[in-house]
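K.L.:
Here it is, the structure in full.
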Amino acid sequence: MKISLPDRSPPVSVGKLLCIGRNYADHAAEMDRAVPDEPMVFLKPASALVRSGGAVRLPPQSQDVHHEVELVAVVGTEGKNIPRSAALDHVAGYAVGLDMTARDLQAEAKERRHPWSVAKGFDTFAPLGPIQPAEAVDDVQDLTLRLTVNDETRQEASTRHQIFPVRDLVHYCSHIFTLSPGDLLYTGTPSGVGPVQDGDRLHASATGLDPLSVSVGRSG
């Protein structure tokens, strides 16, 4: 899949989907997990992406798929070992996204001390909204994230409550991976995660960003 980056032509191929777990204390609490002392990073494949207007497909392997609304930072400039002071200079834009999770498969993986790749990586498990230029966001740490399911609010919180702000996440991840244009950084979800069902309509928004809307259906 290709995405258009602000002030860049032509579109670039999506690279790594870097995702952060437990980046809001209230979400760590609802999952009965400790607050991490450094970012928890996991990966999703680019094939998990689906754009606004598309559909999340519930896989037959899971009976408990959950929604997780997130702010997504879109990398526009390559960097390695990026200092905190320059971290946001490497972000070309922001979008609202969803980290869909097969919670039953994740619980089983945790019990067995296995990776989360299967629970997180199904096709359509990384919905992504329209990308807005970074300059359009006054303060990335003062955005209100909101998710409704069938017009009922399920999640709502400010990015000011992130344990690790976006600047720190870019800095941290760049010391592990070379960040490249087209990489997407899903920055974690607040509390309120819950199951979705066949036929649900999900609408995610964040202050100053164009919304994301997807439907939910069973895989064919």
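K.L.:
Can you confirm whether residue 20 is surrounded by 15 or more Cβ atoms within 10 Å (Cβ to Cβ), assigned to a loop (DSSP other than H, G, I, E, B) and of a type outside the set (Ser, Thr, Tyr)?
P.N.:
Taking the combined requirement at face value, the residue does not satisfy it.
K.L.:
Name the one entry in 149, 193, 170 that is β-branched (Val, Ile, Thr) and buried (at least 22 other Cβ atoms within 10 Å of the Cβ).
P.N.:
Values: 149 fails: buried (at least 22 other Cβ atoms within 10 Å of the Cβ); 193 fails: buried (at least 22 other Cβ atoms within 10 Å of the Cβ).
Sole residue among the options that is β-branched (Val, Ile, Thr) and buried (at least 22 other Cβ atoms within 10 Å of the Cβ): 170.
K.L.:
Let me ask you something else. Hey, among the residues in segment 41-53 that are aliphatic (A, V, I, L, M) and over 19 Å from residue 218 (Cβ atoms), which one's surrounded by the most Cβ atoms within 10 Å (Cβ to Cβ)?
P.N.:
The selected residue is 49.
K.L.:
Condition check: in contact (Cβ under 8 Å) with a residue 60 or more places away in the chain and surrounded by fewer than 16 Cβ atoms within 10 Å (Cβ to Cβ). Does residue 56 satisfy that?
P.N.:
no
K.L.:
Related question: Take the residues in segment 1-17 that are outside any loop (DSSP other than H, G, I, E, B) and of a type in the set (A, V, I, L, M); name whichever of them is surrounded by the most Cβ atoms within 10 Å (Cβ to Cβ).
P.N.:
17
K.L.:
Taking segment 80-111 as the region of interest, how many residues are in a strand (DSSP E or B) and closer than 26 Å to residue 135 by Cβ? Spell out how you get there, then give the answer.
P.N.:
The first filter runs over segment 80-111 and keeps only residues in a strand (DSSP E or B), leaving 91-98, 101-102.
Imposing the further condition that a residue be closer than 26 Å to residue 135 by Cβ reduces the set to 91-98.
Residues in segment 80-111 being in a strand (DSSP E or B) and closer than 26 Å to residue 135 by Cβ: 8 in total.
K.L.:
Of all residues being among the small types (Gly, Ala, Ser) and buried (at least 19 other Cβ atoms within 10 Å of the Cβ) in segment 80-110, which is farthest from residue 201 (Cα to Cα)? Just the residue, please.
P.N.:
87
K.L.:
Which of the residues spanning segment 68-78 are buried (at least 19 other Cβ atoms within 10 Å of the Cβ) and touching a helix residue (DSSP H, G or I) at 6+ places or on another chain (Cβ under 7 Å)?
P.N.:
Step one: of segment 68-78, the residues buried (at least 19 other Cβ atoms within 10 Å of the Cβ) are 68-76.
Residues satisfying the conditions are 71, 73, 75, 76.
K.L.:
Given (1) within 19 Å of residue 35 (Cα to Cα); (2) in contact with a Ser or Thr (Cβ under 7 Å, 6 or more places away or on another chain), identify the lone condition not met by residue 129.
P.N.:
All conditions are met except number (1).
K.L.:
Considering each residue of segment 156-197, count those that are touching an Asp or Glu at 6+ places or on another chain (Cβ under 8 Å), in a strand (DSSP E or B) and either more than 19 Å from residue 88 (Cα to Cα) or without any contact (Cβ under 8 Å) to a residue 40 or more places away in the chain (or both), and give that number.
P.N.:
Here the count works out to 3.
K.L.:
Of everything in segment 34-73, what is touching an Asp or Glu at 6+ places or on another chain (Cβ under 7 Å), in a loop (DSSP other than H, G, I, E, B) and under 23 Å from residue 23 (Cα atoms)? Give them in sequence order.
P.N.:
Matches in segment 34-73: 64, 68.
Each value in this text was obtained by applying a stated rule to the coordinates, not by laboratory testing. These numbers come from a predicted model, not from an experiment. Cβ coordinates were reconstructed from backbone atoms using ideal geometry, including for glycine residues, and neighbour counts include every protein chain displayed.
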